[in-house]
1. Given the structure, is residue 287 more than 25 Å from residue 113 (Cβ to Cβ) and exposed (fewer than 14 other Cβ atoms within 10 Å of the Cβ)?
2. Quick one: would you say residue 434 is closer than 24 Å to residue 371 by Cβ, in contact (Cβ under 8 Å) with a residue 60 or more places away in the chain and in a loop (DSSP other than H, G, I, E, B)?
3. Condition first: closer than 14 Å to residue 96 by Cβ, in a loop (DSSP other than H, G, I, E, B) and at pLDDT 90 or above. Now tell me which residues in region 149-192 satisfy that.
4. When you look at residue 185, is it under 24 Å from residue 109 (Cβ atoms) and outside the structural domain of residue 491 (by TED's automatic domain parsing), yes or no?
5. Can you tell me which residues in region 453-498 are surrounded by fewer than 20 Cβ atoms within 10 Å (Cβ to Cβ), assigned to a loop (DSSP other than H, G, I, E, B) and within 18 Å of the chain's Cα centre (by Cα)?
6. Do we have residue 313 as touching a residue at least 24 places away in the same chain (Cβ under 8 Å), surrounded by fewer than 20 Cβ atoms within 10 Å (Cβ to Cβ) and within 30 Å of residue 344 (Cβ to Cβ) here?
7. Which members of region 97-132 meet the condition of being touching a strand residue (DSSP E or B) at 6+ places or on another chain (Cβ under 7 Å), in a loop (DSSP other than H, G, I, E, B) and crowded, with 22+ Cβ neighbours inside 10 Å?
8. Tell me, please, whether a residue that is surrounded by 11 or more Cβ atoms within 10 Å (Cβ to Cβ) and either under 20 Å from residue 572 (Cα atoms) or modelled with pLDDT of 65 or more (or both) can be found in region 26-39.
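The values are calculated or read from the model by the stated rules, or taken from the named source; none is laboratory data. Computed from a prediction, not measured in an experiment: that's the story for all the values here. Because the Cβ atoms are built from the backbone with ideal geometry, glycine has one as well, and the counts that use them run over all protein chains shown.
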């Protein structure tokens with residue numbers, strides 16, 4: 001027996017003091033008052049009866065003393081919180097980690113999900129251990145992490161509040177040195193665990209077909225042409241899969257394919273018949289166990305002509321290119337007659353710049369002198385393009401590694417986005433506010449206009465200025481939008497709570513969907529899709545052969561002091577009854 005509140009010596013002294021006090025109180029004799037009576041005949045009968053019951057009288061006293069000592073010791077020793085390991089177990093800590101990865105939403109043969117089975121396993125673990133066992137409940141999404149508690153009711157409530165999250169799971173930091181750690185999972189998202197972790201499997205084989213990639217991308221051969229790229233993979237038995245791609249205007253593309261096990265379907269769908277707006281891809285297959293990967297979203301930019309004013313003294317390359325662009329409505333003027341107009345979507349300044357920045361975006365060619373532009377601090381002869389930003393929107397499908405330039409202006413790139421540069425100076429730079437792109441060299445001092453990438457570059461610039469962009473891609477969970485102070489809405493206009501972090505807007509998306517972030521005139525679309533092979537492959541488990549791991553069970557479900565006080569109450573009631581029946585003293 002061990003004690004949780006007092007040391008063994010302190011408990012022994014308390015018990016001895018308690019027993020001694022009770023015995024002393026029983027043997028404490030009171031001085032009786034002497035009374036003279038006229039005859040002893042009256043007491044002879046009483047004395048005779050007392051002699052005949054002397055043995056019983058002694059036993060009554062002994063039993064009464066023992067009962068009183070037992071009651072007092074039960075109460076006193078209970079203060080020390082005794083513990084008998086065979087009855088109540090030892091004082092230990094148990095950590096229950098529940099896997100909240102997306103695959104836990106997979107349905108099993110009985111119609112329930114793996115998560116529902118995981119909840120049953122976790123509650124079963126709460127029923128093990130002793131009354132002093134402390135439990136802590138943690139999940140793999142970082143949403144729940146309780147403190148240690150002996151209150152099993154509180155732990156059960158936490159389990160009821162938890163649910164699978166469509167975020168990248170991480171095994172929490174738990175100490176296996178002084179705790180037993182149980183991990184309840186299907187074993188799909190976690191293939192390596194600390195050695196001290198005891199695995200509790202809820203895995204069951206399931207059929208699943210999932211969308212592993214979906215995006216809308218521009219077609220270099222067609223101005224403002226877009227296609228939808230889709231990947232679908234079968235992670236179960238051979239299945240017939242229905243594919244539907246639908247737009248907001250009622251446009252629809254359908255396809256039915258037969259996919260063997262582990263087969264991947266890949267295809268790019270022409271969206272020339274689709275109007276702008278949200279595009280949804282969905283799949284249907286028999287006995288599909290996971291629904292979150294059956295749908296994906298993207299955004300198709302609205303197609304419209306850009307009203308563009310070219311300000312130049314004469315540039316045949318540029319003028320011819322813009323006239324041939326079906327999505328550009330071209331207006332032309334010379335620097336002397338330039339006037340800013342509210343009906344213009346974009347400006348192209350060829351070796352000229354106005355004294356004040358225009359209200360609309362502008363492409364500036366030749367690094368002209370203007371107070372709102374970076375001044376030239378010199379000239380670089382025959383600069384070679386050594387670096388360029390392939391991820392910037394204006395450089396999509398544009399290669400500039402073999403562009404020849406005779407000379408370029410040297411400028412300071414501070415606070416500008418350098419899109420292409422030589423070792424001596426930036427050659428293409430961009431500014432967000434005001435929005436403009438500048439070439440630090442003249443077109444007639446370069447062979448850039450003769451490269452196949454030049455028309456694409458101009459088209460990309462105009463698209464970046466005014467046209468809607470393709471949606472940013474994100475995964476369920478916390479999603480970042482590179483737009484400060486933006487308001488987030490779903491595709492149906494519902495406002496989503498968000499917060500600001502370091503010039504970005506962050507919001508939580510638990511399921512796939514299409515979201516719009518707006519701030520003033522700026523708008524950014526975000527397509528949130530699962531599209532993850534690691535989650536869609538619901539049978540890729542390392543827990544296939546695991547069985548339920550459970551802790552030991554004990555006779556008593558509460559600490560021993562509770563039963564000691566209960567026994568003391570029972571003995572007090574029995575003593576009261578026997579005393580009034582003159583059985584005990």
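1. no
2. yes
3. 162, 171, 172
4. Numbers: under 24 Å from residue 109 (Cβ atoms): yes; outside the structural domain of residue 491 (by TED's automatic domain parsing): yes.
Answer is yes for this residue.
5. Correct list: 475, 497.
6. So residue 313 passes the test.
7. Answer for region 97-132, where residues must be touching a strand residue (DSSP E or B) at 6+ places or on another chain (Cβ under 7 Å), in a loop (DSSP other than H, G, I, E, B) and crowded, with 22+ Cβ neighbours inside 10 Å: 99, 100, 106, 129.
8. The answer is yes; a qualifying residue exists.
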